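The values are calculated or read from the model by the stated rules, or taken from the named source; none is laboratory data. The structure displayed is predicted, hence computed values, not measured ones. Positions of Cβ are backbone-derived with ideal geometry, glycine not excepted, and every protein chain shown enters the neighbour counts.
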Amino acid sequence: MGLLDRFKKRKVDNRVTKDEENDWYFLTASNGDEISLFGIEKLGTIKHTNNDRTELMLGRIIQQEKDKTLYMHSADFLGFELPEGLQISDAIMKAVMKEYEREYQGTKSNQRTLYIGRLINDRNSYMFGKKSQVVQNMLGPIVDVKRKELQAMLRNQNQEQRRILDEQSRKYREAVKASTDRFLKRKEKDREQRKQNPTLKEVDLGIPLKENGKRLENYDGVNINTGDILRLRRVNKIGKDGSGTYLYSAYLTNVSNDEAIEYLGKNPNGYAVCFEMQKRLSDVVKNGNTDEIVQVLKLLSDERNFENDEKLTYAGEIDKNGQAIRRPESTSNAIRLKVQDMQRKFEIAMQQRREGEQR
């Protein structure tokens, strides 16, 4: 809890209260405003023409509307005189604040130079009077110096705060850059390691998928070109032609690591492709022949497979020599017709999806 919080939560009454730690005095004004008096210092001793000796005091004072924000640097400078040797007490400080309220209530604090005169003790009842124009004039230059000191202090504080913030910002930027560099370096290292050791493995997503009664398979491999993880989802063995060539369909995505998000495009499953193989994909994966796996990954890593997320792309084939061949269409008439039919149905399904989103 801060000083002003304690101030605001005081019970409203006509008694002066003091914050002993910070040497602040508080008083609730007659209109409910809060008066604060602080920073009291002795400027020096004055000998008047009648030989009376007083001590010239200077403090800061401000009147705050209830529940309003208080900017303490705008507090007025308040000068007053006390009989020489008189100790400051709560009663005297109350008299100072009451006199300030009486003379300046309704005016706005703005580092003004104010003077309320000498303290008069009338049968233990304190009041102020006997204002001296000479003392009033004396206060002006003194307060000008104080005001400049305050402004210099505030400038130094602002400069120091800016310096601290700039330093914190610099350290934060450096830490973020260092962390980002480490992350990118580690990611690039992971990519290079995957490219040098390409794999293709079936993965269990925990939910068995079927289409037209057939089990769909899921695989994680390596994009031969980028080193990213190449995900094959909903892999479906469509069938085979008379020569024993298998036709597959699948959805592809690339991710930088296992925890990374996937960009699926406009199709919620990823980029749709179909491709041909002379062997079952599951057999190639189980046999673990690196050359065969690399050719499958080469075929599916082709960047053209990721150009159009609203199209079923024919990716090509793994030929009888086990090589990945990219062609615009199949050399098998039966597979070519089947692919064309699949592409037509896929296009209709995407059109229906777009229309549904527009409704």
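Looking only at residues that are hydrophobic (A, V, I, L, M, F, W, C) and in contact (Cβ under 8 Å) with a residue 40 or more places away in the chain in segment 229-243, which one is farthest from Asn254 (Cα to Cα)?
If we take residues in segment 229-243 being hydrophobic (A, V, I, L, M, F, W, C) and in contact (Cβ under 8 Å) with a residue 40 or more places away in the chain, then Ile238 is farthest from Asn254 (Cα to Cα).
Please enumerate the residues belonging to segment 218-242 that are in a strand (DSSP E or B) and aliphatic (A, V, I, L, M).
If the condition is that a residue be in a strand (DSSP E or B) and aliphatic (A, V, I, L, M), then Val222, Ile229, Leu230, Leu232, Val235, Ile238 are the ones that fit.
Each row is one residue, and each column tells you yes or no for (1) in the same structural domain as Phe38 (by TED's automatic domain parsing); (2) in contact (Cβ under 8 Å) with a residue 40 or more places away in the chain.
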residue: Ala95; (1), (2): yes, no
residue: Arg118; (1), (2): yes, yes
residue: Ser132; (1), (2): yes, yes
residue: Arg162; (1), (2): no, no
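Can you give me the ranges of the helices (runs of 4 or more DSSP H) entirely in segment 246-359 with at least 1 residues that are over 48 Å from the mean Cα position of the chain (by Cα) and within 25 Å of Lys210 (Cβ to Cβ)?
281-287, 333-358
Restricted to segment 13-40, and to residues that are of a type in the set (A, V, I, L, M) and over 41 Å from the mean Cα position of the chain (by Cα), which residue is modelled with the highest pLDDT?
Ile40
What single numbered condition from (1) within 55 Å of the chain's Cα centre (by Cα); (2) surrounded by 14 or more Cβ atoms within 10 Å (Cβ to Cβ); (3) part of a strand (DSSP E or B) fails to hold for Ile46?
In the conditions (1) within 55 Å of the chain's Cα centre (by Cα); (2) surrounded by 14 or more Cβ atoms within 10 Å (Cβ to Cβ); (3) part of a strand (DSSP E or B), Ile46 misses (1) alone.
Failed condition for Asn212, given (1) closer than 24 Å to Gly288 by Cα; (2) over 28 Å from the mean Cα position of the chain (by Cα); (3) of a type outside the set (A, V, I, L, M), with all others met?
Condition (1) is where Asn212 drops out.
Take segment 89-140 and flag every residue that is within 22 Å of Ile35 (Cα to Cα), more than 48 Å from the chain's Cα centre (by Cα) and of a type in the set (S, T, N, Q).
Within segment 89-140, Ser89, Ser125 qualify.
Got a sec? Which of Leu165, Leu150, Leu139 is within 24 Å of Asp52 (Cα to Cα) and not β-branched (Val, Ile, Thr)?
On the way: Leu165 fails: within 24 Å of Asp52 (Cα to Cα); Leu150 fails: within 24 Å of Asp52 (Cα to Cα).
One residue alone meets the criteria, Leu139.
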